[in-house]
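A.B. asks: Structure incoming, see below.
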Amino acid sequence: MTMGRKNRFTPPALAEKILGIIYSDKGQFTHLGDFEEMFLNICESRGLNYARIWYWIQVMKSLPGFIKNKLYWSTAMLKNYIFIAVRNVIKNKGFSFINVTGLAVGMACFLLIMAYVQHESSYDRFHEKSGRIFRLLAKESGQDGQKSVEEYEDSFPEVMTPLLVSDFPEVKNATCFMGAFQDKAVLKAGEKLFYQSGLYADRNFLEIFNFPLIHGNSQSVLSGPNTIVITEDVSKKLFGNENPIGRRISYKETRRQYDVVVSGVVENIPQNSSLKFDYLLSLETLRSDKSNSFMFDNWNVANFHIFVELAETGDKAEAEEKLTEFAQTKRDGTKLALQPIEGIHLRSQIREELATNNEVRYVRLFSFIAVMVLLIACVNSMNLGVACSTKRAKEIGVRKVNGANRRQILHQFLGESLFLSVLSLFAALLLMKMLLPRFSLILGVELKPDLLNNVFLLLVMAGTTLFVALASGSYPAFLLSALSPVRSMKEHSISGSRSGKLRNILMVFQFAVSVTLIICTVVVFRQMNFIKTRELGFDREHVVVIPIKEKETLDKRQVLKTSFLELPQVKGVSVSSGLPINIRSRLINYVFMRDNGEKVTMDITFDYVDEDFVDVFKINVLRGRNFSKDFSEDKYGILINETVAKKMGWSDPIGKEFSFMRNKYHVVGVVKDFQFATFHHQIEPMVLFNEIGSNISVRIYPGDVPAILGSLRRIFEKTTQSQPFEFYFLDDAFNKLYQKEMRTGEIFGTFGGITVFIACMGLFGLAAFMINKRTKEIGIRKVLGASVAQIVTLLTREFAGLILLSNVIAWPVAYIIMRLWLQDFAFRVNIGIWVFILSSALVIFVSFVTVSVHTFRAAASNPVDTLRYE
Amino acid sequence: MKLLSRSEELVLLTVMKLQENAYCIPIREELIKVTGRKWSFGSVYDPLDRLEKKGLLKSYLTKPVKERGGRSKRIYQLTSLGKRSLIEVRSIQDALWDRIPSLEADTEKM
């Protein structure tokens, strides 16, 4: 068509386009044609330029009328749409309530989890240079060139810090710091006294990390001895609103006491920081105290954390290589690595973390569940929307007859669902506010989303609202807008098979997800229960553990042990380096010789324990005997577990020789295999050496526990002053090992419950609708003699099939998910068919109760009333 | 049925006259020529649309025309109803004119 226009005068393209829009619904070809013909005529008579201007003038003349028209009609229609939308919400109060509640719950969950995900992934990103800050980690390997798989550690000697900056071009800056010797030290100013926790930090600390100073200069506040930087909160507590700079604080730990001057105040530490402190004491304070000299300029004392800032040009891998090379010169087999500070919270697994951290896969799992809950809520809303739409068919018919086109109706319905989803958003925000404390408890994070300043959350909110509007409104909108006016005027015409089928599919999906989550919950809790009740091979109840944290106490551990034993409530005391719940020292690929000369390679876990270890933890000695003071040769005696004996092929292992770290040991006894690692691991070969360690475990008789602890404390404090009395119970420590799993269980449980709730709300609405549609049928059936029971069965059957089907789908899905989850455990509970049956039964029961509200009412109704219904 | 308005009457007459060439542009030109007044496009489109809706005119599209950027013309034709209404207006006017003595003579007097 446009071929003929080549090399000819044509009207301005843009103007032509505008005209095209204006005349979109009025035979534009003819009108535009008229203009173009006229344009050519004018071209011939008055020239091209004049013609062009003329053409533009025509466009301008057409515009005002066009705009006025458009505005007039769109506001008129908008008014009508809003009116109808509001009227529909009010008219179907029940439906609207169910719809909005479902959506609000779904959105609230989703938003909460998004807030959580944001919080978790924002850790340590507030440092300006966070991309270039790394934590130094070391991995030791064993002697004899044997590799060890002990985890990474992050303790280093202080002398290393300046060397890092001077000897490695990749390292731009480095800081070392250590936690105070006590969890809470005393800060005293005047009469005010508070217990706070903090760090000893060197002068570079505030230059590398961004903890903004309110008072003081970041380069100098930590450079001198006897200076302290406190947080805003501490400053308020100690000095009120006065300027604290230059004020004196007397700082006290059990063995250390300094008079320090406040040199700076930092803003309170953000929640998403792995480094947490109430105060920073300058490292120089520690250095200038002679009693601490052993810590400084000494390569053998490693108790500092080191963080480095790489130069912009510095390559991480290269730096790691050079650092390892350097470390080898100090101690053979040491490997150094750099861990990005941003990865500490979600991806780090070192022996002792700065703060409790999380795992990225849990964050992912929670996000996935959040999306599922949101989807279910949308599906619900969509289902209800489709169900309700039959009632709207006539309205659409009338609109279409009056000239509405498909797009207008589409817009109307999408607009309505947007209206609903905005309504739900507000309800969701209210819910969020109510749920936040409970939610923070489950996740173990205190979330304080500041909605108005949180761009990410605002975007998520807007996105969710739009998504919900589209997801829940699009199908009814498309369905309804496609109706032919004639069909839509006949009632029930669109509850035809197509929408019914979709509705069923969606309902099956909803219930399948709900059942899956519930099965997962049950399995997780069963596994947890299994772990807690499983025979460990030792007794974890009634054991108080007192970790030794410094040298003086370490020297006096024997004294402590004997004094503890004098207490009548104490049954036994053992001083060992590990605890039976968690023995981690491990050598891998260790080669042993069997009796027949055959070589056996195995990974071996070992621990240093005293002769009371076996008794205190009630570990069974199967063969031979325990260590004993009566045998002097026991210094080179070892206890092995059954697994070692099996692997070595020893039927009678007593007295067998065992070379280990250049020493010859002999086996004095075999202990029954006990679970010395979490249930994620199988029981591996393990050897116990006869040497004392740094954990004092006290087995007490059950009874007045506070009194016993008081006695222990008194003895402890009398014996050693260098360390405060700190203790924990072995079974608490045991439970802590499974905290993440417990949390997963609770999350599954909570969200499983929520999905069931949402799904049932949908079912409730749907049942009401479907039964309402069959009112007359029920009346006729009753007139013809059907009993209440028959009618209830008839009505329930429809839903029952669907719910059963969703169970059938959920079973394998849940099975696969839980198989994967359980694979992490070496010892796992049998999933068991009854878990599935029970979970399904629960869901089926709840849904039947939901439906029965309607079925019974319908079945019990008087046919006279129902048949008169018109 | 309502009587035709003057503009409708003029348009109808023009359409009659132009026969096979009765589409917007010639109609407008003809109207301008005969009346000596300005006729915008809108003042032609409107009566054309209205007359078509009332059933006094019918229209068809021609083949695409090169001069019109490859677009068709919409050619209008009178329906029998259109013709009848023209006649009706005409007869009413004639009747009215016949009843008065002579307009020209009257104006001359004044």
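A.B. asks: Does A:F39 satisfy the criteria of being at the interface with chain B (Cβ under 8 Å from one of its Cβ atoms) and either out of contact with any Leu (no Cβ under 7 Å at 6 or more places or on another chain) or modelled with pLDDT under 70 (or both)? Walk me through how you get there before you give the answer.
C.D. replies: On the way: at the interface with chain B (Cβ under 8 Å from one of its Cβ atoms): no; either out of contact with any Leu (no Cβ under 7 Å at 6 or more places or on another chain) or modelled with pLDDT under 70 (or both): yes.
No.
A.B. asks: Check off (1) touching a helix residue (DSSP H, G or I) at 6+ places or on another chain (Cβ under 7 Å); (2) over 30 Å from A:K571 (Cα atoms); (3) among the small types (G, A, S) for A:G597 and give me the number that stays unchecked.
C.D. replies: (1)
A.B. asks: So, in the range A:254-268, how many residues would count as being under 40 Å from the mean Cα position of the chain (by Cα) and surrounded by 17 or more Cβ atoms within 10 Å (Cβ to Cβ)?
C.D. replies: 7
A.B. asks: Still on this structure: Output the residues belonging to the range B:14-39 that are part of a helix (DSSP H, G or I), over 20 Å from B:E88 (Cβ atoms), touching a strand residue (DSSP E or B) at 6+ places or on another chain (Cβ under 9 Å) and more than 9 Å from chain A (Cβ to nearest Cβ).
C.D. replies: Just the residues of the range B:14-39 that are part of a helix (DSSP H, G or I), to begin with: B:14-21, B:24-35.
When the remaining residues are screened for being over 20 Å from B:E88 (Cβ atoms), the result is B:18-21, B:24-35.
Narrowing further to those that are touching a strand residue (DSSP E or B) at 6+ places or on another chain (Cβ under 9 Å): B:18-21, B:24, B:27.
The answer is B:L18, B:Q19, B:E20, B:N21, B:I27.
A.B. asks: If you scan the range A:6-34, which residues turn out to be within 11 Å of chain B (Cβ to nearest Cβ) and modelled with pLDDT under 65?
C.D. replies: Correct list: A:K6, A:R8, A:K26, A:G27, A:Q28, A:F29.
A.B. asks: So in the range A:443-469, with the set limited to residues that are closer than 19 Å to A:N272 by Cα and surrounded by 15 or more Cβ atoms within 10 Å (Cβ to Cβ), which one is modelled with the highest pLDDT?
C.D. replies: Out of the qualifying residues, it is A:L457.
A.B. asks: In the range B:1-53, what residues are touching a residue at least 40 places away in the same chain (Cβ under 8 Å) and charged (D, E, K, R)?
C.D. replies: Residues satisfying the conditions are B:E8, B:E9, B:E20, B:R50.
A.B. asks: Related question: Checking the condition crowded, with 16+ Cβ neighbours inside 10 Å and under 19 Å from A:F456 (Cβ atoms), which residue from A:A115, A:A85 passes?
C.D. replies: Values: A:A85 fails: under 19 Å from A:F456 (Cβ atoms).
The unique qualifying residue is A:A115.
A.B. asks: For the range A:276-306, enumerate the residues that are among the basic types (K, R), in a helix (DSSP H, G or I) and out of contact with any helix residue (DSSP H, G or I) (no Cβ under 9 Å at 6 or more places or on another chain).
C.D. replies: A:K290
A.B. asks: While we're on this one: Going by the conditions given, is B:G42 buried (at least 17 other Cβ atoms within 10 Å of the Cβ), within 14 Å of chain A (Cβ to nearest Cβ) and at pLDDT below 90? Give the derivation first.
C.D. replies: Values: buried (at least 17 other Cβ atoms within 10 Å of the Cβ): no; within 14 Å of chain A (Cβ to nearest Cβ): yes; at pLDDT below 90: yes.
No.
A.B. asks: Restricting attention to the range A:57-67, does a residue exist that is closer than 30 Å to B:Y23 by Cβ and away from every other protein chain (no Cβ under 14 Å)? Show your work before the answer.
C.D. replies: The initial filter retains those residues of the range A:57-67 that are closer than 30 Å to B:Y23 by Cβ, namely A:57-67.
Next cut, away from every other protein chain (no Cβ under 14 Å) only: A:67.
Yes; the residues of the range A:57-67 include at least one that is closer than 30 Å to B:Y23 by Cβ and away from every other protein chain (no Cβ under 14 Å).
Results for (1) farther than 29 Å from A:P340 by Cα; (2) modelled with pLDDT under 90; (3) among the charged types (D, E, K, R), shown as yes or no for each residue.
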{"site": "A:V229", "(1), (2), (3)": "no, no, no"}
{"site": "A:E253", "(1), (2), (3)": "yes, yes, yes"}
{"site": "A:V260", "(1), (2), (3)": "yes, no, no"}
{"site": "A:E267", "(1), (2), (3)": "no, no, yes"}
{"site": "A:K290", "(1), (2), (3)": "yes, yes, yes"}
{"site": "A:F296", "(1), (2), (3)": "no, yes, no"}
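A.B. asks: A:S166 - would you say it is over 19 Å from A:I245 (Cα atoms), of a type in the set (G, A, S) and out of contact with any strand residue (DSSP E or B) (no Cβ under 8 Å at 6 or more places or on another chain)?
C.D. replies: Values: over 19 Å from A:I245 (Cα atoms): yes; of a type in the set (G, A, S): yes; out of contact with any strand residue (DSSP E or B) (no Cβ under 8 Å at 6 or more places or on another chain): yes.
Yes.
A.B. asks: Would you check if there is a residue in the range A:705-713 being of a type in the set (S, T, N, Q) and within 24 Å of the chain's Cα centre (by Cα)?
C.D. replies: First, pick out the residues of the range A:705-713 that are of a type in the set (S, T, N, Q): A:711.
Going one step further and asking which of them are within 24 Å of the chain's Cα centre (by Cα), we end up with none.
No - not one qualifying residue is present in the range A:705-713.
A.B. asks: Shifting gears a bit: Could you check how many residues of the range A:43-56 are within 11 Å of another protein chain (Cβ to nearest Cβ) and more than 10 Å from A:F9 (Cβ to Cβ)?
C.D. replies: If we filter the range A:43-56 for residues that are within 11 Å of another protein chain (Cβ to nearest Cβ), which is where we start, we get A:43-44.
Okay, now just the ones that are also more than 10 Å from A:F9 (Cβ to Cβ), so none.
Qualifying residue count for the region: 0.
A.B. asks: Further question on the same structure: Report whether or not A:F674 is in contact with a Pro (Cβ under 9 Å, 6 or more places away or on another chain), farther than 26 Å from A:Q558 by Cα, in a loop (DSSP other than H, G, I, E, B) and not small (G, A, S). Talk me through it step by step, then tell me what you get.
C.D. replies: Details: in contact with a Pro (Cβ under 9 Å, 6 or more places away or on another chain): yes; farther than 26 Å from A:Q558 by Cα: yes; in a loop (DSSP other than H, G, I, E, B): yes; not small (G, A, S): yes.
Spelling it out, A:F674 is indeed in contact with a Pro (Cβ under 9 Å, 6 or more places away or on another chain), farther than 26 Å from A:Q558 by Cα, in a loop (DSSP other than H, G, I, E, B) and not small (G, A, S).
A.B. asks: For the condition touching an Asp or Glu at 6+ places or on another chain (Cβ under 8 Å), within 30 Å of A:V59 (Cβ to Cβ) and either of a type in the set (V, I, T) or modelled with pLDDT of 90 or more (or both), what is the one hit in B:I75, B:I32? Can you show your working first?
C.D. replies: On the way: B:I32 fails: touching an Asp or Glu at 6+ places or on another chain (Cβ under 8 Å).
Answer to the selection: B:I75.
A.B. asks: Let me ask you something else. B:V11: within 14 Å of chain A (Cβ to nearest Cβ) and touching a strand residue (DSSP E or B) at 6+ places or on another chain (Cβ under 9 Å), yes or no? Walk me through it before giving the result.
C.D. replies: Numbers: within 14 Å of chain A (Cβ to nearest Cβ): no; touching a strand residue (DSSP E or B) at 6+ places or on another chain (Cβ under 9 Å): yes.
It is false that B:V11 is within 14 Å of chain A (Cβ to nearest Cβ) and touching a strand residue (DSSP E or B) at 6+ places or on another chain (Cβ under 9 Å).
A.B. asks: On to the next question. Of all residues being touching a helix residue (DSSP H, G or I) at 6+ places or on another chain (Cβ under 6 Å) and modelled with pLDDT under 85 in the range A:797-830, which is nearest to A:V515 (Cα to Cα)? Just the residue, please.
C.D. replies: For the range A:797-830, the residue satisfying everything is A:F799.
A.B. asks: Select from the range B:61-82 the residues that are in contact (Cβ under 8 Å) with a residue 24 or more places away in the chain and of a type in the set (K, R) and write down the one among them that is farthest from B:Y45 (Cα to Cα).
C.D. replies: Only one residue tops the list, namely B:K73.
A.B. asks: Now a separate question. Can you name the residue in the range B:51-87 that is within 14 Å of chain A (Cβ to nearest Cβ), in contact with a Gly (Cβ under 8 Å, 6 or more places away or on another chain) and assigned to a loop (DSSP other than H, G, I, E, B) and is also nearest to B:L3 (Cα to Cα) among such residues?
C.D. replies: B:K73
A.B. asks: While we're on this one: Looking for whichever is closer than 22 Å to A:F168 by Cα, of a type in the set (D, E), part of a helix (DSSP H, G or I) and in contact with a strand residue (DSSP E or B) (Cβ under 7 Å, 6 or more places away or on another chain) here; the options are A:E320, A:E309. Which one fits?
C.D. replies: On the way: A:E309 fails: part of a helix (DSSP H, G or I).
Criteria check complete, one pass: A:E320.
A.B. asks: When the range A:724-762 is examined, which residues are found to be crowded, with 18+ Cβ neighbours inside 10 Å, under 30 Å from A:R714 (Cβ atoms) and at pLDDT 80 or above?
C.D. replies: A:L730, A:F734
A.B. asks: Evaluate the following for A:L431: is it crowded, with 19+ Cβ neighbours inside 10 Å, among the aliphatic types (A, V, I, L, M), at pLDDT 85 or above and in a helix (DSSP H, G or I)?
C.D. replies: yes
A.B. asks: Can you name the condition, by its number, that A:G343 falls short on among (1) at pLDDT below 85; (2) among the small types (G, A, S); (3) surrounded by fewer than 20 Cβ atoms within 10 Å (Cβ to Cβ)?
C.D. replies: Only one criterion is unmet by A:G343, namely (1).
A.B. asks: Let me ask another. What number of residues within the range A:700-742 are out of contact with any strand residue (DSSP E or B) (no Cβ under 8 Å at 6 or more places or on another chain) and either in a loop (DSSP other than H, G, I, E, B) or over 17 Å from A:K571 (Cα atoms) (or both)?
C.D. replies: First pass over the range A:700-742, keeping only residues out of contact with any strand residue (DSSP E or B) (no Cβ under 8 Å at 6 or more places or on another chain): A:702-707, A:710-711, A:713-715, A:717-724, A:732, A:734-736, A:738-742.
Keeping just the survivors that are either in a loop (DSSP other than H, G, I, E, B) or over 17 Å from A:K571 (Cα atoms) (or both) gives A:702-704, A:714, A:717-724, A:732, A:734-736, A:738-742.
Adding up the residues that qualify gives 21.
A.B. asks: Checking A:V221 against (1) touching a Gly at 6+ places or on another chain (Cβ under 9 Å); (2) assigned to a strand (DSSP E or B); (3) buried (at least 20 other Cβ atoms within 10 Å of the Cβ), which test does it fail?
C.D. replies: Every condition holds for A:V221 apart from (2).
A.B. asks: Tell me which of these A:G785 doesn't satisfy, since it passes every other one: (1) on the phi < 0 side of the Ramachandran plot; (2) more than 27 Å from the chain's Cα centre (by Cα).
C.D. replies: Only one criterion is unmet by A:G785, namely (1).
The values are calculated or read from the model by the stated rules, or taken from the named source; none is laboratory data. Since the structure is predicted, the reported quantities are computational estimates derived from the model, not experimental observations. Here Cβ is always computed from backbone atoms with ideal geometry, including for glycine, and neighbour counts include all displayed protein chains.
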